[in-house]
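The values are calculated or read from the model by the stated rules, or taken from the named source; none is laboratory data. What you see is a predicted model; the values in this text were computed from it and never measured. Neighbour counts are summed over all protein chains in view; Cβ atoms, including those assigned to glycine, are modelled from backbone coordinates with ideal geometry. Remember, those area values only see protein heavy atoms, side chains included, never the ligands or the DNA or RNA. Shrake-Rupley method; radii C 1.70, N 1.55, O 1.52, S 1.80 Å.
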Amino acid sequence: MFGRTGMGPGEFSYPRAALVAGNRAFFVDKAARIQCYTCNGEYQYDWEMPEKLAGKPTGLGVDRDGRIYVADTHYSRVIVFEPDGKEVGRFGTRGEGPGEFRLVTDVAIDKDGYIYVSEYSGNDRISKFSPDWKYLFSFGDKNAGEAALRRPQSLLFGPDDRLWVSDACNHRICQFTREGKLLQSFGHSGHGLGELRFPYGLSMLSDGSLIVAEYGNNRVQRFDQQGHSLGIWGTAGRHAGELAYPWAAEAAPNDRVIVVDSGNNRIQIFDAMAKDAWRSDAAALAGFAPAEEETATAGSER
């Protein structure tokens, strides 16, 4: 466990996104800082976003060249940086038309370099861009039937290049093709095993199982790819192994899981393959403290 409340190196002001790239982990918080650490929690360096008065980023992605894509949420754009923080470009403007954004949540890049950007607050969709940032098409909007999304918060490509989406306000996880066809979804609102409350963070372990950070249930839950729960880690609280409104859970080397413990202004790391890491009994459900729906959906800064 590392991090504490503050604005200095190794300190956080409500961290909300994480990215593991090789042996480095990047985090962004409400101070609009991108901080780089080793995957063991050793602080390396940081940089600030160009603007922050309107709001702060909520998502990070990385391409095959190691460039960092930041979902600059409240500025309705994506900014691309070299890993050392040097800006190399940006795309997106505010609006609801093709290639425009409202509140951007995350960025993912497929094996061929195509870029997928999720957003909410009116658009609630995913847009696909070419490797040179040209708009191609969108999917998952309000007219998409069962594929319609409500605050798609995190995007993830698995080894088969299928796109996984944490559909936060529908309390489910979805899987799409790269063309935007819905293949499956699982989950519904609740705090039992297999149920979800505002799934925000999404990542994948080496065995293909999914790890989901539940903002609304103050926990991390693990699923197989058919949607069966494999157990829960964490509960609400301030001590080690306890969480307050976690925004992200990222798989790191050797199947360690890096959890962004947002409300506690810290990062926790645990071994996902350790014996008894995941609980599936009644004790795993004790002490949960769900977030109120109106808080999680309405407040853009949340």
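How much FRET efficiency would the formula 1/(1 + (r/R0)^6) give for residue 54 and residue 281, where r is the Cβ-Cβ distance and R0 is 30 Å, rounded to 0.05? It comes out at approximately 0.10. The DSSP beta bridges internal to region 70-211 are antiparallel in roughly 95% of cases. Note on the chain: Lys pairs 8 or more places apart or on different chains, Cα atoms under 21 Å apart, count 12.
Residue separation of residue 82 and residue 42 scaled by 0.36 nm, minus their Cα-Cα distance, works out to 12.4 nm of gained length. Ordered by solvent-accessible area of protein heavy atoms (1.4 Å probe), largest first, the residues 228, 191, 74 come out as 228, 191, 74.
Note on residue 161 and residue 94: the model spin-label points, each 7 Å out from Cα along the C-beta direction, lie 3.7 nm apart. Per residue, the solvent-accessible area of the chain (1.4 Å probe, heavy atoms of protein chains only, all protein chains present) comes to 39 Å². Of all DSSP bridge pairs formed entirely within region 1-68, close to 90 percent run antiparallel. Note on residue 23 and residue 181: the model spin-label points, each 7 Å out from Cα along the C-beta direction, lie 4.2 nm apart.
Quick one: compute the contact order of region 174-284, relative version, from alpha carbon pairs under 8 angstrom and 6+ residues apart, as a percent.
18
Dividing the summed -39500 (n - 2.57) terms of all DSSP H runs of n ≥ 4 by the residue count of the chain sets its mean residue ellipticity at 222 nm at -500 deg cm²/dmol.
Once you put a point 7 Å from the Cα of residue 189 and another 7 Å from the Cα of residue 226, both along the Cβ direction, what distance in nm separates them? Computed distance between label sites residue 189 and residue 226 equals 2.9 nm.
Contact order for the chain, expressed relative to its length and based on alpha carbon pairs under 8 Å spaced 6+ residues apart, stands at 12 percent.
In whole percent, and with a 1.4 Å probe on the protein chains, what portion of the accessible area of the chain is carbon and sulfur?
46
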